Amino acid sequence: MTTLAEARHRAAALDAIDPLRRHRERFTLPDGVAYFDGNSLGALTTAARAAVAEVVDGPWGTGLIRSWKEAGWMTLAQRTGDRIAPLVGAAPGTVVACDSTSVNVYKTLTAAVRLRPGRTRLLVDADDFPTDLYVARSVAEQHGLELVAAPAAELAGLLDERVAVLTATHVDYRSARVLPLDALTVRAHDVGALVVWDLAHTAGALPVDLAGAAVDFAIGCGYKYLNGGPGAPAFVYVAPSLVADAHQPLSGWFGHADPFAFSTGYAPAPGVERFLSGTTGVLGMTALHAALTAFEDTTMEVVRTKSTSLTSLFVELAIEVLVPRGYRLASPIDATERGSHVALGHADGEAVLAHLQAAGILADFRPPDLLRFGFAPLYNTHTEVVLLAEALATA
Ligand SMILES: *Cc1c(COP(=O)(O)O)cnc(C)c1O
């Protein structure tokens, strides 16, 4: 039986040998706050703070129009993509940062269904994040496809030669359940379908091998575990074998092979840059580009090990201390099936959240009754996990 006092000692010992303990110093965390919402809005890095201040006064304030070339703004979306690529198992030059996740869902789903003419179905995880479902419905309507929405466990069984594209989110935003990305991708390819994986709760939290798994398209979010800042650019990955034939619908000049030729005919860039549309938002992209340096000097395997250690300690305390007090564990017990957040059901979830906030503990709530706690491996500690469990026990 774990007691909170025993857990405090164990947490201190785990923090002392944590290979990422110095990475926390790369963040500017407010005093008196324990932050468990890095799955929704990642914390501020000192690098992003400095880079945004610098770009405002220097390249923008002084360099002005010259900075598109001299400060490298023209290639910032690609260079930011190249910093994301190793975090998701992608080769350099196969990821670009741009737009929002929602917009990138639209661009990749449309490109994917265009590659499978004659098929009649778009298959989606019925429990996917709502914006993914809304956009999938639009794409299905625009291409005369039947939208088939099914629970994650039924997706494999629904894959047949009618399906043009399967789309799902790798880590469920409510439960943190990890979907079998490799197996579903293989199964989709077996029937000739393409896959679009959403890595919103994966990138920066758990490793994924997009190239190794032969994933066709992936998108992800810049402001969660990548810490790019509120509304940060999202990203797009396209398999090198597909990109020359992949045509996204928002064919703007930043995706043109030669934007400054100002030609009236559209000719897409040869690589993944064709998934860019309009002008890069330089301030936001600068923040994301700099924030990604927080992932230097480690690997996603080390990040995953720390993530698992944090969530496993919390799950253990939840089962022993919190479930007897009216909480319900709503995430997988098996760490290999769990992403980097843990959800607890509670009949008075919103009141519990308010109690936590009053104690300087930030988390979030998703209807109907789910409290969500994100454990960001680069800055959360085991000691904070015990603090959280204590606050929940006394809520
Ligand atoms: C966070 C999240 C989004 C967010 O989309 P935006 O366009 O950035 O608002 C989309 N999909 C999933 C699965 C998410 O978790």
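Odds and ends about this structure:
- Helix 181-190 and the longest principal axis of the Cα set of the chain meet at an angle near 30°.
- Listed by chain and number, the lysines placed with their C-alpha closer than 27 angstrom to that of Lys306 are Lys224; residues fewer than eight positions away on the same chain are left out.
- Crossing angle, helix 46-55 versus the chain [Cα axis fit, 0-90 degrees, rounded to tens]: 40
- With both residues required to sit in the chain, DSSP beta bridges show an antiparallel share near 55%.
- Dipole of the range 223-331 [Lys/Arg +1, Asp/Glu -1 at C-beta], most positive-end residue of Ala244, Thr298, Phe260: Thr298
- Least to most buried among Thr311, Thr381, Thr75 (fewest other Cβ within 10 Å first): Thr75, Thr381, Thr311
- Rounded to the nearest whole Hz, the Karplus-based 3J(HN,Hα) values (6.51 cos²θ - 1.76 cosθ + 1.60, θ = phi - 60°) of the range 197-203 follow the sequence 9, 9, 9, 3, 9, 10, 4, with x at glycine and proline.
- Separation of alpha-carbon centers, the range 109-146 and the range 1-15, rounded to whole Å: 47
- Around the amide H of Arg338, modelled in the peptide plane, lie the amide H atoms of Val178, all under 5 Å away and 5 or more residues distant in sequence or on another chain.
- The sum of -39500 (n - 2.57) across all DSSP H runs of n ≥ 4, divided by the residue count of the chain, sets its helix-only mean residue ellipticity at 222 nm to -10000 deg cm²/dmol.
- Cα-based helix-to-principal-axis angle, 349-358 vs the chain, degrees rounded to 10: 80
- Amide H within-cut-off set for Leu147, under 5 Å, with H built and near neighbours excluded: Leu122
- All C-alpha to C-alpha distances of the range 16-138, sorted into 5 Å bins beginning at zero, yield P(r) values of 2, 8, 9, 14, 16, 16, 13, 11, 6, 4, 1, 0 percent in whole numbers.
- Each residue in Arg116, Arg26 was given a count of other beta-carbon atoms within 10 angstrom of its own, and listing them fewest first yields Arg116, Arg26.
- The mean sequence separation of alpha-carbon pairs under 8 Å and at least six residues apart, normalised by the residue count of the range 159-212, gives a relative contact order of 44 percent.
FYI, it's all coordinate maths here, none of it is from the lab. Predicted model, so just to flag it, every value in this text is computed and none were measured. Every residue, glycine as well, gets a Cβ built from its backbone with ideal geometry; the counts of neighbours run over all protein chains shown.
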